[in-house]
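Report on the structure given below.
The values are calculated or read from the model by the stated rules, or taken from the named source; none is laboratory data. Note that the structure is a prediction, hence the values are computed from the model and not measured. Every residue, glycine as well, gets a Cβ built from its backbone with ideal geometry; the counts of neighbours run over all protein chains shown.
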Amino acid sequence: MRAWLAALATVALATLAPATPALAGPWRAGADAVVQRALHDPTAYDYVESISVEVGQRLAGSEAAARARDWAVAKLTALGFKNVRVEPFPITAWLRGPEEAEIVSPHPQTLAIIGLGGSVPTPPDGVEGEIALFHTYADLLAAPPGSLTGKIAVVTQPMPRTQDGSGYGALNPNRRQGPSEAAKRGAIAYLTRSLATGVSREPHTGALNYEPGVPRIPAAALSTIDSELIDHLAERGRPIRIRLKLASTTKPATAWTVEGEIPGAVHPDQIVQLGGHLDSWDPGTGSIDDGAGMGIAVAAARLAASQGPPQRTIRVALFGAEEMDYASAPFAAAHKGDAPHMVVIGESDIGADRAWSVALPAGSTNTPEMRDYAAAVAPLGVMVAREPARYSGDDTVGLVRAGVPAFAVRQDASRYFDWHHSSEDTLDKVDPKQLNQAVATWAAFVYIAANSDIDFRALRAAATPQP
Ligand SMILES: [Zn+2]
């Protein structure tokens, strides 16, 4: 009888013992368990489904943004987060009105366009002019002052499809600075090919940044198909005239970042800070940008606490106005006091597809904690980048500049820019399997960061050569 009990105890112990290699460190078994759980966890997909269906588009400063705020408070509370709160900050809301464009000569043809966020409206009858066509943005920059007087500048440079999304960064000046560069040369309006990889008639919006002291001209994005139509038409050699009508309004408004926490059981003042952004552009339902990113952060936080209460506090921020670049500075200001106690910060804002690489805080790669992390996510097909993380989402920039170490997950962006910032950013683009792989990649990191004593600041200081 005693032998039978002993045998049973041995079996029970063997069942409980983590199936990890002999060389694994103390965080490996927990991280492996978090990964396995994440792959079947419904939280992230349910979150994206819920906000897509129950809130939909939520442009900062709009009536929908207030609904999104209330939805987020209720959702974080229902998911068990503590200290759920709302941080308001002032913004200038930009609200889209009716928009249209057409080729008027050599023959009439409607164009699929969308106004860029922040664009001034045209006069009610629109602006009309002959176009000056540039196949690359560099060609526009090479145009001399005064050469575009009275013309509509059109840039048709295509965006390359890349796994890391770097094509978007490379072409971002087209959209951000293009309107002011065209205005400096005398243009009356600006059209850019959408910063998009798909072949589609859906145009993709995004913010512009007018340069101070330069006339503000109306600016819009063309669908990729209409951009190519203009290229082909220009080959015929006849002048092309376009009419563009944009209506928008601006007003002082309030935006809100919503936060919730899983309090640390041992070091509640030490914070592992995650986030995604609550606002979205207006044409779609903001499912991949950034419903998915929020879902990943929220699910990762809960999964990181699934092996027992975390030692450090895990905080999730749902940033209220990322798309027009408003959320970072108020968040950094609101957290000036706790920034020195933030262990690490990371924002999930690159869609819903699988992770393929992570960038760790500087100097941490060869620690036992991060070696365990790398081993836990290797079976997911995720590698650790050689370069440390210097950036992890637009909303974290203020705190990263203030010295908070960054952690970044690179997700496969090959498909992301087919739909990003367009009417096609909708729930059907979210693949639950890929989403959960990304959740697992985040969750294992958060688990180790919140349950170890790893000090990323000290590691960075040790790794940085002293002058
Ligand atoms: Zn985003």
Worksheet, complete the sentence: Scanning segment 213-233 for residues that are under 20 Å from residue 127 (Cα atoms) and assigned to a helix (DSSP H, G or I) gives 226, 227, 230
Practice prompt. Tell me which residues, restricted to segment 18-36, are over 33 Å from the mean Cα position of the chain (by Cα) and either more than 17 Å from residue 367 (Cβ to Cβ) or at pLDDT below 55 (or both).
Written response: 18, 19, 20, 21, 22
Worksheet item: Can you spot a residue in segment 430-446 that is within 15 Å of the ligand (Cβ to nearest atom), in contact with a Ser or Thr (Cβ under 7 Å, 6 or more places away or on another chain) and assigned by TED's automatic domain parsing to the domain that holds residue 289?
Response: yes
Discussion item. Give all pairs with beta carbons closer than 6 Å in which a residue from segment 290-304 that is on the phi < 0 side of the Ramachandran plot meets a residue that is among the polar types (S, T, N, Q) and within 16 Å of the ligand (Cβ to nearest atom); count only pairs at least 6 apart in sequence or on separate chains.
Written reply: 291/52; 293/348; 296/348; 297/348
Practice prompt. Output the number of residues of segment 387-397 satisfying the condition of being away from the ligand (no atom under 16 Å from the Cβ), surrounded by fewer than 20 Cβ atoms within 10 Å (Cβ to Cβ) and at pLDDT 95 or above.
Written response: 1
Worksheet item: Just one of 126, 169, 150 is without any contact (Cβ under 8 Å) to a residue 24 or more places away in the chain, assigned by TED's automatic domain parsing to the domain that holds residue 193 and surrounded by fewer than 20 Cβ atoms within 10 Å (Cβ to Cβ); which is it?
Response: 169
Item to complete: Determine which member of the set 193, 185, 175, 216 is of a type in the set (Lys, Arg) and touching a residue at least 60 places away in the same chain (Cβ under 8 Å).
Response: 216
Worksheet, complete the sentence: Selection from segment 182-203 of residues in a loop (DSSP other than H, G, I, E, B) and either of a type in the set (Lys, Arg) or more than 17 Å from residue 423 (Cβ to Cβ) (or both) yields 185, 186, 187, 188, 201
Discussion item. Given (1) surrounded by fewer than 22 Cβ atoms within 10 Å (Cβ to Cβ); (2) more than 16 Å from the chain's Cα centre (by Cα), identify the lone condition not met by residue 354.
Written reply: (2)
Worksheet item: When segment 112-143 is examined, which residues are found to be charged (D, E, K, R) and in a helix (DSSP H, G or I)?
Response: 139
Discussion item. Please pick out the residue among 430, 384, 397 that is of a type in the set (Val, Ile, Thr) and without any contact (Cβ under 8 Å) to a residue 60 or more places away in the chain.
Written reply: 384
